[in-house]
Amino acid sequence: MRPSRIFESHAFLIGLSLRFFLMIALPLLLDNGVLLQGVRYTDIDYDVFTDAARYVARGESPYKRHTYRYTPFLAVILSYGYRWKFERYFGRFLFCLADAICGLVILKVRRQNRNVNNNKGRKERTFPSLELQDTLWWLYNPLPINICTRGSAESFVVLLLVLSAVSLAMATPVEGPKSRLWKKATMAGMMHGLAIHTKLYPIIYTVSFMSHFAKLEDEYINNHNNVASHYYGWKVEMKEQLKDGKKHHDMSDESKVYPFPWFEPRRFMELVKLWFFRLVSPAPLLFLLTSMLAFGGFTFLAASVYGPKALEEGLLYHFSRVDHRHNYSMFWYWIYLARSRLAKTGGDIASSSLSTLGKTLMVPQVILLLYSSLGIAPFDLSFALFVQTFFFVAMNKVITAQYFTWYLVLIPLCSERINWSSRDMSAAMTILGMSMLLWLGSAFCLEMKGMTVHVFVWMSSVLFYFANVNMLRMMLKNYQGFRNMQKVKLS
C-alpha cells in the first residue's frame, strides 16, 4: 500500500487525531511563552466560553460573563466540562470533533457526487488523487484545523448544522413516496432553524433552500405523473410566460438567457407571481415552517430560562455590532475614527453617517442574494450558498479568520464545477493571496511591534476587499454549471 493511501482511507481518524494533538500541544507551547514570547495560541473567545460555562455550572446565567454574546445552550453544554473535571480541554474536544465530522460530511458528499456524475464508471487518474483532494479541502486544511484547535466554536455551533442541512437537501430523492421529500425538507428546516438560532447569518440561505425544494417537488410531480415538468427549461418557461403571452417552446432556446425585466412592469409582476406559486408549494413551505419553529422554539426557550438578556446579547446585539479594532474588513478604520469622534460629541455610531453607508452597501448584497437564490440555487444549491456567503463575508463590517470558514466549508461541495486552471482564476487567487499576506504583515507590525501603521492596515483591508470581489467575479465567470444545469438525482 502506497503511503498516500493511508491518508485517503483513514482520513477522518488521522484528521481527528491531528486536531486532538494540536489542541493540547500548541496551547502548552505558546500560551505560557515556552516557544514564543508574546504570542498566545488560544482564542480569546475560548476564555469567554469557559467563563460562561463556569457560571452555568454554578447555577447562574452565562451572560454574567461580559462579552458572552452567543446562545446560552453553548455554555450549558460546555458546563459539563466543569462537572467532569475536564474544563480546560472539554470545549476544544467538542469543537475539534465537530470540525472533523464536517470534513467527513464533505468527504462523503464529494465522493457521492462523483459516483453519481461518473456515468461510465471510469476512474480518473490525477495527482494528487481525487480521494486525497477530497481530504485536503477540510480534514487536512490548516485553516480549519487552526480555528478549531485555538478554541473557536464555529464548527460546533453552526458549520456542522449548515452542512447537515445542505447535504440533506442535496441528497433528497425524487423517487419513491412524496413523504420522503417532505421528510427531508422538514429535517433540513430543523437544522437550518437551529443554525440561525446559534449564529444568525444562515438566515440568508432561507430563500435558496426554498427554491431548491420547490424544484425538487416539481421534479417529483414530473416523474410520478409522467407529465412535462413545470420547471422544464426555466429560461424557456420565462420566455413562454413573460413575453406578451406568446408561446415559444423551442428546445434550441433552452440555453438562452433572457434579460431581467427591469423596465417592464408587466413582465416583472408576472415573474413575481411565477415565483410566488413556486415557493408556496408543500416542500418549501414545510422547510420554512420547520425553520421558523426551530428558531423560534430555541430562542423562546433561551429567553424563558435566562431572561431578556438572552435576546439582547445572543441575538439583537449582532444586528448592530461594530468593531473598532483592526480586522480584515475595510470598515474597521472608519469605525475606529468615528468612535473617537463620536466619543467627544456624545453621539452614537448607529446614528452616524457610517451607519447610512453600511445600509447603502447592503443593496448589492440583496441583489446578489436574490439572483443566486432564485437563479442558481434551484439547480446548484451548494454553489448558490457559497456565493452568498463569500460576498456576505466580504461586505461585513467585521471580518475575522473564523468568518472564512463560513464559505470554505461550502466550496468543496461545488468546486468540481469551477474551472480553477484558467489564467484569470490563477491571477485572481494570486492577487487574493498577496492581499492577505500584505494585511497580515501590516497587522503584525501594528499589533506585535507597536508601529503606527493604522492607515497602512486599512489600505491593506481595502485591497483585500477588492481582491475578494474580483475573486468572486472570476469564480462566477469560470463556473461551468451554467452550461450544465440539469437534474441530478442523489439517493
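Among the protein heavy atoms, those of H10 account for about 100 Å² of accessible surface (1.4 Å probe, every chain in place). Multiplying the residue separation of V363 and M451 by 0.36 nm and removing their Cα-Cα distance gives an extension gain of 28.0 nm. Taking max minus min of the alpha-carbon positions on each principal axis, segment 274-317 gives extents of 42, 18, 9 Å, largest first. The convex hull drawn around the Cα atoms of segment 7-123, when projected onto a plane and averaged over every direction, covers 10.4 nm². What nm distance separates the two modelled labels at I24 and I203, each placed 7 Å from Cα along Cα→Cβ? Spacing of the two 7 Å Cα→Cβ label points: 4.2 nm. Measuring against 20 Å, Cα to Cα, the residue pairs K215/K477; K183/K273; K183/K215; K178/K273; K273/K359; K108/K178 contain K215/K477; K183/K273; K178/K273; K273/K359; K108/K178 as the ones spanning a longer distance. For segment 435-479, dividing the convex hull volume of the Cα atoms by the residue count gives 47 Å³ per residue. Positive contributions from Lys and Arg (+1) and negative ones from Asp and Glu (-1), summed over other residues with Cβ under 15 Å from the Cβ of L285, come out at +3. For segment 1-54, a Kirkwood hydrodynamic radius built from all Cα pairs, placed in the Stokes-Einstein relation at 37 °C and 0.692 mPa s, yields a translational diffusion coefficient of 244 µm²/s. Could you tell me which of rounded, prolate or oblate describes segment 383-470, using a ≥ b ≥ c as the square roots of the eigenvalues of the alpha-carbon gyration tensor, with rounded for a/c under 1.5 and, failing that, prolate when a/b is larger than b/c and oblate otherwise? Prolate, since a/c reaches 1.5 and a/b exceeds b/c. Segment N115..V280, full-extension length gain: 56.1 nm, with 0.36 nm per residue of separation and the alpha-carbon distance subtracted.
The values are calculated or read from the model by the stated rules, or taken from the named source; none is laboratory data. Model, not experiment: these values are computed from the prediction. A quick note on method: Cβ atoms are made from the backbone with ideal geometry, for glycine too, and the neighbour counts reach across all protein chains shown. For accessibility, only protein heavy atoms count, side chains too; no ligands or nucleic acids. Shrake-Rupley method; radii C 1.70, N 1.55, O 1.52, S 1.80 Å.
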